[in-house]
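The values are calculated or read from the model by the stated rules, or taken from the named source; none is laboratory data. Note that the structure is predicted; figures quoted are calculated from it, not measured. Reconstructed Cβ throughout: ideal geometry from the backbone, glycine too, with neighbour counts over all protein chains shown. Only protein heavy atoms, including side chains, enter the accessible area calculation; ligands, DNA and RNA are left aside. Shrake-Rupley method; radii C 1.70, N 1.55, O 1.52, S 1.80 Å.
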Amino acid sequence: LAAGSVSILVERSGLIGLMYMAGISYIFSALLANMAFSTAKSNGFEPSSMSKSEKNEEPQPQSSSSDGKGAYAPVNSGTKDSPSSPSTNATIPCLKKNNIFQQAYSLFNRVPVLGALFVEVIISQCLSSLVNYIYLYKLKVAITDDSLRAGWSGKFYAWINGVSGIFQFFIIPLLLKHCEAHRIWLFMPSLMMICTLYQFGTYKTSELFGASASFFCIKTMEYSLRGAANEMLYVSLDYESRYLGKKVITLIAGKFGKSVMAVALAVSVVYYGDNDNLMWYLLATATIFTCLWMFSSVRLHSLIDASSKR
């Protein structure tokens, strides 16, 4: 709704007024987030406040269907006992005394699937930042007026959010009834490979369509498919792996991938400037990262598939 109303708001308040509205929205969002965390803490919902007995009593998630589709089988965490048994929790190393990097190293040695997911997230976030930059570069060339460009971007994001919502509430639940969840990891880079190769082959003739299609696909998948695939993977792990894995992958992998690509783009812009070959280099880099994403997703898929057959 907010993205769809950008074109109307920018005509009435201008870009400066739109920035003030965005700032006010961030303030309200921060206040609501603080209230949510306070409520969770007061009611004992914080993961850190869970007692060891609560961890031991946590039930093992079961597959949602009898044929094994829709959910992952429990991933082997490197112990002989089941992930929910007290003996398993006793053998899990105490990671809280170490820093986040030592915790991550220990976790990835114990649960290789999370290590593969960590690499996959870094590569996909690098590609996402690069596709975002290419889209904005093409958009600035195609629509020179700032107000018109802001309105067009708002409508475009509204479509992305709308399609993502349809996937989350209707398409993904239907797909998981007939398809194994870990197939999503192969579908996402395959679709981006098609978009990237098309954009690379038509970048001289295509004004905005190729960049918009790539950006639309990767953002829609991030908002819908990736979230579902990640949760299906996390739910098959023991408590310590699930909680720490989410923290490490969200805080380190995602942010690291975006930061590395942001620095690389800044250096490339300074080095090449307005060189006519800049777009060729950017699209070639996007193609390389798409191939790397495919390789990392295949490895992650194979690890999940192997753990499901045990």
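Before moving on, here are some points about what is shown:
- Of the residues in the stretch 286-307, at least one is among the polar types (S, T, N, Q), at pLDDT 90 or above and farther than 25 Å from Q103 by Cα.
- Under the condition of being hydroxyl-bearing (S, T, Y) and at pLDDT 90 or above, the residues counted in the stretch 226-260 number 2.
Conditions (1) open to solvent by less than 10 Å² (accessible area, probe 1.4 Å); (2) of a type outside the set (V, I, T); (3) closer than 15 Å to S128 by Cβ, marked per residue:
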residue: A213; (1), (2), (3): no, yes, yes
residue: G227; (1), (2), (3): no, yes, yes
residue: L237; (1), (2), (3): yes, yes, no
residue: E240; (1), (2), (3): no, yes, no
residue: F256; (1), (2), (3): no, yes, yes
residue: Y281; (1), (2), (3): no, yes, no
residue: C291; (1), (2), (3): no, yes, no
residue: V298; (1), (2), (3): no, no, no
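- Residue match in the stretch 188-196 (condition: open to solvent by 40 Å² or more (accessible area, probe 1.4 Å), out of contact with any Ser or Thr (no Cβ under 8 Å at 6 or more places or on another chain) and within 30 Å of G14 (Cα to Cα)): no
- Any pair with Cβ under 6 angstrom, 6 or more apart, that starts in the stretch 147-175 at a residue that is surrounded by 17 or more Cβ atoms within 10 Å (Cβ to Cβ) and ends at one that is among the polar types (S, T, N, Q): G151/S7; G154/S7; I160/T220; V163/T220; S164/T220; S164/S224; F167/S224
- The stretch 237-278, residues that are more than 23 Å from the chain's Cα centre (by Cα) and assigned to a helix (DSSP H, G or I): V267, S268, V269, V270, Y271, Y272, L278
- Taking the stretch 124-137 as the range and being open to solvent by 30 Å² or more (accessible area, probe 1.4 Å) and either in contact (Cβ under 8 Å) with a residue 60 or more places away in the chain or among the small types (G, A, S) (or both) as the test, the residues that pass are N132, Y133, Y137.
- Taking (1) farther than 19 Å from L136 by Cα; (2) touching a residue at least 24 places away in the same chain (Cβ under 8 Å) in turn, M192 satisfies each apart from (1).
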